[in-house]
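Visitor: Just passing along the structure, written as structure tokens.
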Amino acid sequence: MTTPALLPLSGRRIPTLSPGASSFPHHRATLRLSEKFILLLILSAFITLCFGAFFFLPDNSKHKRFDFGLEDVLIPHIESEKEARHSSRQVIHGVGMMKHAWDSYRQYGWGHNELKPIAKKGHSTNIFGNSQMGATIVDALDTLYIMGLHDEFKDAQEWIEQNLDFSVNAEVSVFEVNIRFIGGLLAAYYLSGQEVFKVKAVQLAEKLLPAFNTPTGIPWAMVNLKSGVGRNWGWASAGSSILAEFGTLHMEFVHLTYLTGNPAYYQKVMHIRKLLAKMDRPNGLYPNYLNPRTGRWGQHHTSVGGLGDSFYEYLLKAWLMSDKTDTEARKTYDDAIEAIERHLIRKSNGGLTFIGEWKNGHLERKMGHLTCFAGGMFALGADGSPDDKAGHYLQLGAEIAHTCHESYDRTVLKLGPEAFKFDSGLEAVAVRQNEKYYILRPEVIETYWYMWRFTHDPKYRQWGWEAVQAIDKYCRVSGGFSGVKDVYSSNPTYDDVQQSFFLAETLKYLYLLFSSDELLPLENWVFNTEAHPLPVLVNCCSVESSER
């Protein structure tokens with residue numbers, strides 16, 4: 001397979017001269033030409049060489065880091081000198097938060113997957129198995145790089161070179177390891193050009209491939225990195241795989257094929273898409289559960305939040321990442337969003353637009369914090385939507401952003417709960433105790449950032465700054481940042497976990513919100529669901545190649 005050159009970040013190549021290109025004959029006695037003529041000769045030769053370099057030198061951008069000129073883009077594009085000072089302070093504040101989170105992990109949890117900032121020791125969950133794989137290190141790589149924290153980035157790279165080992169006897173989540181580890185390593189490779197990140201990403205991908213050895217090709221939720229044995233979560237409906245998990249592999253796996261020339265990764269994810277295309281969908285909706293043995297849906301539960309969310313996101317982003325050539329992905333996304341709007345999106349009595357969950361023919365008027373990413377998704381997908389509905393979807397994104405901001409604003413801590421209801425007179429408010437927690441999630445801030453990029457309405461920066469202040473006030477502790485158990489309590493208790501996605505997503509989206517649009521422009525980069533930026537690929541892969 002021929003791997004094409006990536007589209008350069010700036011959209012143009014920088015002309016470079018070959019060694020010695022500026023050395024022209026200049027001895028008057030030898031040439032016997034006037035000094036003026038020599039100067040004209042030199043000038044014309046220089047121009048010729050520059051144009052020749054511009055048009056004819058090979059494009060090696062695939063093998064180099066993407067230089068997005070950090071020194072040129074850290075100060076945001078703003079309207080006034082006063083706003084410039086304010087935005088610059090916010091950018092610097094964001095770097096300070098990242099430094100505190102990283103330095104605390106470096107001191108108390110180094111090499112562990114995550115950090116317990118109160119107990120000041122390492123932490124892990126079953127999604128990473130029983131091994132210390134440094135999830136926070138890998139997840140934070142590109143945030144460190146984008147923020148210009150190069151010493152910290154170097155420390156992380158050294159740990160990865162010396163310690164990151166995938167031949168361990170550990171059962172991990174295919175989905176989580178893909179979006180955090182493979183996504184994080186690929187983004188770090190594209191940004192820095194350091195080969196070790198690509199090598200490690202490919203090594204890990206090979207360890208995940210046995211998860212696809214099912215009767216249908218729908219992967220297991222978990223796989224043992226050493227034995228290759230896979231299984232599904234015990235709580236999943238009738239032994240099913242989860243839509244958001246097996247539907248959130250496309251971006252990373254296409255890039256793996258692009259970088260290695262191995263079509264296996266691309267074929268795996270295209271097989272999933274084609275299988276789903278053949279299945280009946282109740283009311284045009286995709287249920288969250290699919291049995292990998294029988295190829296049948298589990299219980300008919302549809303959600304744009306947990307269990308479903310990033311499946312829809314990756315349909316849109318597959319199209320964007322393909323330089324808008326994967327029209328099959330775009331059509332699938334448009335059809336899915338049309339069904340979601342018809343059956344799941346409603347307006348509350350108080351005028352708040354929300355996305356409910358469909359359960360066995362009934363709409364549950366509840367929205368999760370995870371669902372709040374959809375505001376940004378609608379805005380991102382507005383351009384290119386059918387029937388000239390771009391304005392409609394941008395407005396829908398704005399309405400979801402407003403609803404999710406209300407879920408923050410109606411709490412004591414000004415931080416959003418895990419889930420919130422729209423019935424019995426309560427709107428955008430959590431009812432159950434086990435829905436009142438905030439675990440440093442990024443989805444609301446993610447939508448603020450996308451809405452800012454597409455509208456430049458200052459309220460999105462204002463809302464983002466409110467979130468910064470609340471996180472700093474209530475989640476910062478001496479040993480890092482912790483989630484809180486009740487956002488409605490003026491004396492919150494901590495959950496004592498600094499999630500790796502806090503460094504990968506929450507802090508990155510806040511930083512980008514107050515930075516220039518020239519930093520990782522959306523026409524050149526597509527963010528995976530863990531906020532790891534991957535470049536747009538031109539002429540990478542065709543849908544037909546998956547059938548070979």
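The values are calculated or read from the model by the stated rules, or taken from the named source; none is laboratory data. Owing to the predicted nature of the structure, the values given are computational and were not obtained by experimental measurement. Cβ sites come from the backbone with ideal geometry, for glycine too, and all protein chains shown count toward neighbours. The protein model used for the area step is the full one, side chains on, heavy atoms only, and it has no ligands, DNA or RNA in it. Shrake-Rupley method; radii C 1.70, N 1.55, O 1.52, S 1.80 Å.
Visitor: I'd like the distance between the alpha-carbon centres of the stretch 281-298 and the stretch 308-384, rounded to an integer number of Å.
Guide: Computed from Cα coordinates, the inter-centre distance equals 18 Å.
Visitor: Expressed as a whole percentage, what fraction of the accessible surface of the stretch 416-480 belongs to carbon and sulfur atoms when a 1.4 Å probe is rolled over the protein heavy atoms? Before the final figure, lay out the partial values.
Guide: Details: 1150 of 2380 Å².
Roughly 49 percent of what the probe reaches on the stretch 416-480 is carbon or sulfur.
Visitor: Sorted by mean Cβ packing within 10 Å, highest first, what order do the peptides 473-479, 350-356 take?
Guide: Numbers: 473-479: 17.1, 350-356: 18.7.
Descending mean neighbour count gives 350-356, 473-479.
Visitor: Also, I was wondering about something else. Rank by packing, highest mean first: peptides 505-511, 153-159, with packing defined as the count of other Cβ atoms within 10 Å averaged across residues.
Guide: Working: 505-511: 26.7, 153-159: 17.0.
Ranking, from highest mean packing down: 505-511, 153-159.
Visitor: Take the cross-link list Lys366/Lys389; Lys347/Lys485; Lys414/Lys485 and give me the ones stretching past 21 Å between alpha-carbons. Each step should come with its number before you reach the end.
Guide: Working: Lys366/Lys389 26 Å; Lys347/Lys485 29 Å; Lys414/Lys485 13 Å.
Distance filter (> 21 Å) returns Lys366/Lys389; Lys347/Lys485.
Visitor: Cross-link list Lys226/Lys436; Lys200/Lys268; Lys154/Lys268; Lys198/Lys436; Lys268/Lys324: which exceed 28 angstrom alpha carbon to alpha carbon? Let's see the in-between values first.
Guide: Details: Lys226/Lys436 38 Å; Lys200/Lys268 20 Å; Lys154/Lys268 34 Å; Lys198/Lys436 40 Å; Lys268/Lys324 21 Å.
Result: Lys226/Lys436; Lys154/Lys268; Lys198/Lys436 exceed 28 Å.
Visitor: Report, to the nearest whole %, how much of the accessible area of the stretch 191-335 belongs to carbon and sulfur atoms, 1.4 Å probe, protein only. Working shown, then result.
Guide: Numbers: 2500 of 4960 Å².
About 50 percent, which is the carbon plus sulfur part of the accessible surface.
Visitor: Next question, about the same structure. Kirkwood Rh, Cα Rg: Rg to Rh for the stretch 81-535?
Guide: Here the Rg-to-Rh quotient is 0.93.
Visitor: To make sure I understand the rule: partners must be aspartates and glutamates, Cα under 19 Å from the Cα of Lys459, and not fewer than 8 residues away in the same chain. Which ones qualify?
Guide: Correct list for Lys459: Glu79, Glu81, Glu83, Glu399, Glu406, Asp409, Glu443, Glu446, Asp517.
Visitor: Right, next: Apply the Karplus curve 6.51 cos²θ - 1.76 cosθ + 1.60, θ = phi - 60°, to the phi angles in the stretch 382-397 and return the couplings in whole Hz, x for Gly and Pro.
Guide: Using θ = phi - 60°, the values come out as 4, 6, x, 6, x, 6, 6, 9, 4, x, 4, 6, 5, 5, 4, x Hz.
Visitor: Which distance in nm do the two modelled labels at His362 and Lys389 give, with both placed 7 Å along the Cα-to-Cβ direction?
Guide: Result for the modelled spin labels: 2.8 nm.
Visitor: Return one whole number: the accessible area per residue of the stretch 81-535 in Å², for a 1.4 Å probe. Write out the running numbers ahead of the final one.
Guide: Numbers: 15540 Å² over 455 residues.
Result: 34 Å² of accessible area for each residue.
Visitor: Right, something else. Based only on Cα atoms, what mean projected area does the convex hull of the stretch 118-201 have, in nm²?
Guide: On the way: hull surface 23.5 nm².
Spelled out: convex hull of the Cα atoms, projected over all directions, averaged, 5.9 nm².
Visitor: Which value, in debye to the nearest 20, describes the size of the charge dipole of the stretch 81-535 about its Cα centre when Lys and Arg Cβ atoms bear +1, Asp and Glu Cβ atoms bear -1, and nothing else is charged?
Guide: Details: 46 positive and 53 negative charges, 188 e Å.
Taking the Cα centre of the stretch 81-535 as origin, the dipole is about 900 debye.
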